[in-house]
Amino acid sequence: MEQEIKYEDAIKKLEEITKKLEAGRLPLEEALTCFAEGVNLIKICKTKLDGAKEKVAIISKDLEGNEL
(Lines give C-alpha, C1' and ligand atoms only; values in the text may rest on other atoms or scores of the structure.)
Protein backbone atom coordinates (compact mmCIF):
# COMPACT_ATOMS: atom_id res chain seq x y z
CA MET A 1 0.00 0.00 0.00
CA GLU A 2 1.37 3.39 -1.02
CA GLN A 3 1.74 5.90 1.82
CA GLU A 4 -0.36 9.04 1.42
CA ILE A 5 1.65 12.19 0.80
CA LYS A 6 0.90 15.33 2.82
CA TYR A 7 -0.22 18.44 0.96
CA GLU A 8 2.82 20.43 2.08
CA ASP A 9 5.18 17.67 0.97
CA ALA A 10 3.46 17.46 -2.42
CA ILE A 11 3.82 21.22 -2.90
CA LYS A 12 7.51 21.08 -1.95
CA LYS A 13 8.15 18.24 -4.40
CA LEU A 14 6.20 20.09 -7.10
CA GLU A 15 8.38 23.17 -6.57
CA GLU A 16 11.53 21.02 -6.93
CA ILE A 17 10.24 19.48 -10.15
CA THR A 18 9.33 22.92 -11.50
CA LYS A 19 12.86 24.21 -10.84
CA LYS A 20 14.37 21.19 -12.64
CA LEU A 21 12.12 21.65 -15.65
CA GLU A 22 12.65 25.41 -15.80
CA ALA A 23 16.42 24.92 -15.80
CA GLY A 24 16.02 23.17 -19.16
CA ARG A 25 18.93 20.82 -18.64
CA LEU A 26 17.13 17.50 -18.32
CA PRO A 27 17.21 14.89 -21.06
CA LEU A 28 13.84 14.54 -22.78
CA GLU A 29 12.85 11.25 -21.13
CA GLU A 30 13.72 12.54 -17.66
CA ALA A 31 11.84 15.77 -18.33
CA LEU A 32 8.76 13.79 -19.39
CA THR A 33 8.99 11.65 -16.26
CA CYS A 34 9.28 14.77 -14.09
CA PHE A 35 6.36 16.38 -15.91
CA ALA A 36 4.18 13.30 -15.36
CA GLU A 37 5.09 13.26 -11.67
CA GLY A 38 4.24 16.96 -11.46
CA VAL A 39 0.84 16.42 -13.03
CA ASN A 40 0.16 13.64 -10.52
CA LEU A 41 1.20 15.90 -7.64
CA ILE A 42 -1.13 18.64 -8.92
CA LYS A 43 -4.01 16.13 -8.91
CA ILE A 44 -3.15 15.11 -5.35
CA CYS A 45 -3.03 18.75 -4.21
CA LYS A 46 -6.34 19.55 -5.91
CA THR A 47 -8.01 16.56 -4.25
CA LYS A 48 -6.70 17.59 -0.84
CA LEU A 49 -7.77 21.22 -1.34
CA ASP A 50 -11.23 20.16 -2.49
CA GLY A 51 -11.57 17.98 0.63
CA ALA A 52 -10.46 20.82 2.87
CA LYS A 53 -12.93 23.16 1.16
CA GLU A 54 -15.77 20.71 1.83
CA LYS A 55 -14.77 20.41 5.50
CA VAL A 56 -14.66 24.20 5.88
CA ALA A 57 -18.10 24.48 4.28
CA ILE A 58 -19.51 21.88 6.70
CA ILE A 59 -17.88 23.50 9.72
CA SER A 60 -19.10 26.94 8.62
CA LYS A 61 -22.79 25.97 8.76
CA ASP A 62 -24.99 26.06 11.79
CA LEU A 63 -27.38 23.26 12.73
CA GLU A 64 -30.00 24.49 10.26
CA GLY A 65 -27.52 24.48 7.38
CA ASN A 66 -27.18 28.25 7.20
CA GLU A 67 -23.83 29.90 6.59
CA LEU A 68 -22.33 31.34 9.77
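Here Lys46, Lys13 are screened, and the one residue that is open to solvent by 90 Å² or more (accessible area, probe 1.4 Å) and of a type in the set (Lys, Arg) is Lys46.
Here is the figure for the stretch 16-39: residues that are within 23 Å of Asp50 (Cβ to Cβ), open to solvent by less than 100 Å² (accessible area, probe 1.4 Å) and either free of Cβ contacts under 8 Å to residues at least 24 places away in the same chain or charged (D, E, K, R) (or both) total 4. Looking only at residues in the stretch 1-10 that are part of a helix (DSSP H, G or I) and of a type outside the set (D, E, K, R), the one that is surrounded by the most Cβ atoms within 10 Å (Cβ to Cβ) is Ala10. Taking the stretch 49-68 as the range and being open to solvent by 80 Å² or more (accessible area, probe 1.4 Å) and under 19 Å from Asp9 (Cβ atoms) as the test, only Leu49 passes.
The residues of the stretch 1-32 that are small (Gly, Ala, Ser) and under 18 Å from Lys46 (Cα atoms) amount to a single one, Ala10.
The set of residues from the stretch 11-31 being of a type in the set (Lys, Arg) and part of a helix (DSSP H, G or I) comprises Lys12, Lys13, Lys19, Lys20.
The values are calculated or read from the model by the stated rules, or taken from the named source; none is laboratory data. Keep in mind it's a predicted model, so treat the numbers as computed, not measured. Neighbour counts run over all protein chains shown; Cβ positions are idealised from the backbone, glycine included. For the accessible areas, the whole protein counts, side chains as well, though only heavy atoms, and no ligand, DNA or RNA atoms are used. Shrake-Rupley method; radii C 1.70, N 1.55, O 1.52, S 1.80 Å.
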